[in-house]
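Just below is one structure, and these are the notes that go with it.
Values quoted throughout were computed directly from the atomic coordinates according to the rules given, and no laboratory measurement underlies them. Fair warning: this is a prediction, and the values are worked out from it, not measured in the lab. Quick reminder, even Gly has a Cβ in these numbers, built from the backbone with ideal geometry, and neighbours come from all protein chains shown.
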Amino acid sequence: MVERTIASMIRHEPLRFRAGDASLAGTLTLPDADARLPWAVLVPSWLPRSRDGGWDRAGHPGWFAEAAADEPLGLLARLADALAERGVASLRYDPRGCGESDGAWERTALFTRIDDARDAIGAMRSRRELDLRRTAIIGHGEGATIALSVAIGDPAIGAVGLIGAAGRSLRTILRRAVAERDRTGTDREHPIVGAIDRLSEELIERVERRETSLVVDVGGDRVSVDLAAWEQGFHTPGLALVTMLNRNVVLAHGTRDAWTDPDESRLLAATLSASGNDPVLQLADDAGHELSEGSDDVIGAFAGELVGRIVPRELPPVLMAIEQMGGGR
């Protein structure tokens with residue numbers, strides 16, 4: 001008898017879906033199963049990212065330094081594999097203007113990215129392989145704010161995963177992160193990171209004056225960045241969002257995160273507990289924002305905790321109808 005490895009029991013399916021006026025590209029990761037699968041949508045962190053969660057070097061080659069030979073897979077790709085090994089499907093996708101998706105990252109508002117995540121979930125609800133009653137959303141960095149915003153309004157989402165999440169205003173997060181990167185030099189090899197950090201105070205001032213754009217020199221390329229996303233981030237703190245959430249929540253944070261201090265996840269966990277939730281907070285010692293240090297153990301622990309919390313939810317009538325039309329497998 002031929003023994004199949006775990007990897008051979010997982011398939012990765014490229015796909016596209018409509019998100020408002022854009023077509024977004026993604027990957028659906030499906031473990032082998034005879035029944036409908038619990039599933040999660042994975043949302044990446046700040047700045048242009050690929051569906052795998054790493055820097056979008058394909059769509060923005062001049063914005064990032066070349067990948068190191070030993071650079072690990074992006075966080076979301078590693079997480080998708082860890083979930084699949086535990087019997088959970090997942091969708092990860094290129095944000096607007098990144099990878100193979102339509103649009104321009106620098107002209108996409110935060111609220112548009114939230115709507116795109118909602119559309120990603122809606123697109124997956126027609127898939128016969130997926131159990132509509134067992135759904136999760138996982139966000140990394142800015143993606144955590146998006147995940148919280150989507151989960152609040154979607155009663156069918158049973159579990160929320162937050163990695164490197166921010167609790168306070170993006171204004172506070174940006175200033176603290178710039179100071180940390182000044183101290184450590186983390187990610188300063190990337191032209192876009194250096195440019196945003198150099199202009200951070202001007203960016204904040206322009207947002208507070210309600211200006212609409214800022215021209216940023218990224219490695220000699222002058223890029224006009226719409227400030228709507230930043231203004232919306234300033235006024236959409238995670239602490240306010242979690243007070244409206246009553247779900248199973250798992251948080252993970254690297255103790256050496258140069259983008260979001262681990263105190264942010266501690267604040268979120270405390271606020272969730274005060275609101276009647278029972279969150280799990282995992283701190284990864286000596287890990288950064290990408291959780292690449294001790295990757296397998298850290299990602300596996302997070303995935304295992306989240307999988308145990310993807311409980312079946314009662315579906316609203318419209319999703320019950322979709323479920324019945326899809327039939328069983």
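What do you get for trypsin sites (Lys or Arg not before Pro) in the stretch 153-253 restricted to DSSP loop and a cutoff of at most 11 other Cβ within 10 Å of the site's Cβ? Display every interim value, and only then the final one.
Numbers: sites: R168, R171, R175, R176, R181, R183, R188, R198, R206, R209, R210, R222, R247; in loops: R168, R188, R209, R210, R247.
Loop-located and lightly packed - R209, R210.
How would you rank E71, E106, going from fewest to most other Cβ atoms within 10 Å of each one's own Cβ? Mind dumping the intermediate values first?
Working: E71 12, E106 19.
Fewest to most other Cβ atoms nearby, the residues stand as E71, E106.
If I build a Gaussian network model for the chain, linking alpha-carbon pairs within less than 10 angstrom, which residue out of G254, G53, G220 has the largest mean-square fluctuation?
Of the options given, G220 has the highest mean-square fluctuation.
State, as an integer percentage, the relative contact order of the stretch 45-134 based on alpha-carbon contacts under 8 Å between residues 6 or more apart. Don't skip to the end; give the middle numbers.
Details: 85 pairs, mean separation 23.7, N = 90.
Result for the stretch 45-134 is 26 percent.
Taking the beta-carbon count within 10 Å as an exposure proxy, list S169, S224, S292 from fewest neighbours to most. All intermediate terms of the calculation are to be shown ahead of the outcome.
On the way: S169 17, S224 12, S292 20.
Ascending Cβ contact count within 10 Å gives the list S224, S169, S292.
In sequence order, what are the phi-derived ³J(HN,Hα) couplings for the stretch 250-255 according to the Karplus relation 6.51 cos²θ - 1.76 cosθ + 1.60 with θ = phi - 60°, rounded to whole Hz, with x for glycine and proline?
Per residue, the Karplus-derived 3J(HN,Hα) values read 10, 10, 10, 8, x, 6 Hz.
With each run of n ≥ 4 DSSP H residues scored as -39500 (n - 2.57), what mean residue ellipticity at 222 nm is computed for the chain after dividing by its residue count and rounding to the nearest 500 deg cm²/dmol? Mind dumping the intermediate values first?
Values: 11 runs with 116 residues, N = 329.
After summing the helix terms and dividing by the residues of the chain, the value is -10500 deg cm²/dmol.
Counting Lys and Arg as +1 and Asp and Glu as -1, each charge on the Cβ, what is the dipole of the stretch 128-245 about the Cα centre in debye, to the nearest 20? Write out the running numbers ahead of the final one.
Working: 15 positive and 18 negative charges, 74 e Å.
Once rounded to the nearest 20, the dipole reads 360 debye.
Give the long-range amide H neighbours of A166: residues separated by 5 or more places, or on another chain, with amide H under 5 Å away, using H modelled in the peptide plane at 1.01 Å from N.
The answer is T145.
Choose one answer from D286, D119, D21: the residue with the largest mean-square fluctuation in a GNM of the chain with alpha-carbon springs under 10 Å.
Comparing D286, D119, D21 in the GNM, the peak value goes to D21.
For the residues S200, S265, S126, what sequence is obtained by ranking on other C-beta atoms within 10 Å, fewest first?
Details: S200 17, S265 27, S126 12.
By the 10 Å Cβ count, ascending: S126, S200, S265.
Using a Förster distance of 51 angstrom, determine the FRET efficiency expected from the C-beta separation of A179 and R128, and round it to 0.05. Display every interim value, and only then the final one.
Numbers: r = 50 Å, r/R0 = 0.97.
The calculated FRET efficiency here is 0.55.
Placing +1 on the Cβ of each Lys and Arg and -1 on the Cβ of each Asp and Glu in the chain, which of A136, V223, G167 has its Cα farthest towards the positive end of the resulting dipole?
The one lying farthest along the dipole's positive direction is A136.
What's the extension gain from T243 to A274 if we count 0.36 nm per residue and subtract their Cα-Cα distance?
Values: separation 31, 0.36 × 31 = 11.16 nm, distance 0.86 nm.
So the extension gain works out to 10.3 nm.
Give me the compactness ratio for the chain, meaning the Cα radius of gyration over 2.2 N^0.38 Å. Could the numbers behind the result be given before it?
Details: Rg = 19.1 Å, N = 329, 2.2 N^0.38 = 19.9 Å.
Cα Rg divided by the expected 2.2 N^0.38 Å: 0.96.
Quick one: putting +1 on the C-beta of Lys and Arg, -1 on the C-beta of Asp and Glu, what dipole do you get for the stretch 60-171 around its Cα centre, in Debye to the nearest 20? List each step's numbers first, then the result.
Details: 14 positive and 16 negative charges, 115 e Å.
Here the size comes out at about 560 debye.
Taking the Cα centre as origin and putting +1 on Lys and Arg beta-carbons and -1 on Asp and Glu beta-carbons, what dipole magnitude results for the chain, to the nearest 20 debye? All intermediate terms of the calculation are to be shown ahead of the outcome.
On the way: 38 positive and 51 negative charges, 220 e Å.
That gives the chain a dipole magnitude of about 1060 debye.
In a GNM of the chain with a 10 Å cut-off on Cα contacts, which of T112, T135, T184 has the highest mean-square fluctuation?
Fluctuation is largest for T184.
Taking the Cβ-Cβ separation of M325 and D226 as r and a Förster radius of 25 Å, what is the calculated FRET efficiency to the nearest 0.05? Let's see the in-between values first.
Values: r = 40 Å, r/R0 = 1.58.
Here the calculated transfer efficiency is 0.05.
Assuming a ≥ b ≥ c are the square roots of the Cα gyration tensor eigenvalues, decide whether the stretch 72-175 counts as rounded (a/c under 1.5), prolate (otherwise, with a/b larger than b/c) or oblate. Before the final figure, lay out the partial values.
Numbers: a/c = 1.43, a/b = 1.38, b/c = 1.03.
Cα axes put the stretch 72-175 in the rounded bin.
Is the shape of the stretch 57-129 rounded, prolate or oblate, going by the alpha carbon gyration tensor and its root eigenvalues a ≥ b ≥ c, with a/c under 1.5 for rounded and a/b larger than b/c for prolate?
On the way: a/c = 2.79, a/b = 1.14, b/c = 2.45.
Oblate shape, in that a/c is at least 1.5 and b/c is the bigger or equal ratio.
Have a look at the DSSP beta bridges in the chain and tell me what percent are antiparallel, nearest 5. Intermediate values should be presented prior to the final figure.
Values: 21 of 47 bridges.
Just about 45 percent of them are antiparallel.
Could you point to the residue in C98, L79, G158 farthest towards the positive end of the stretch 76-185's charge dipole, with +1 and -1 charges on the Cβ of Lys/Arg and Asp/Glu respectively?
Farthest along the dipole direction, towards plus: G158.
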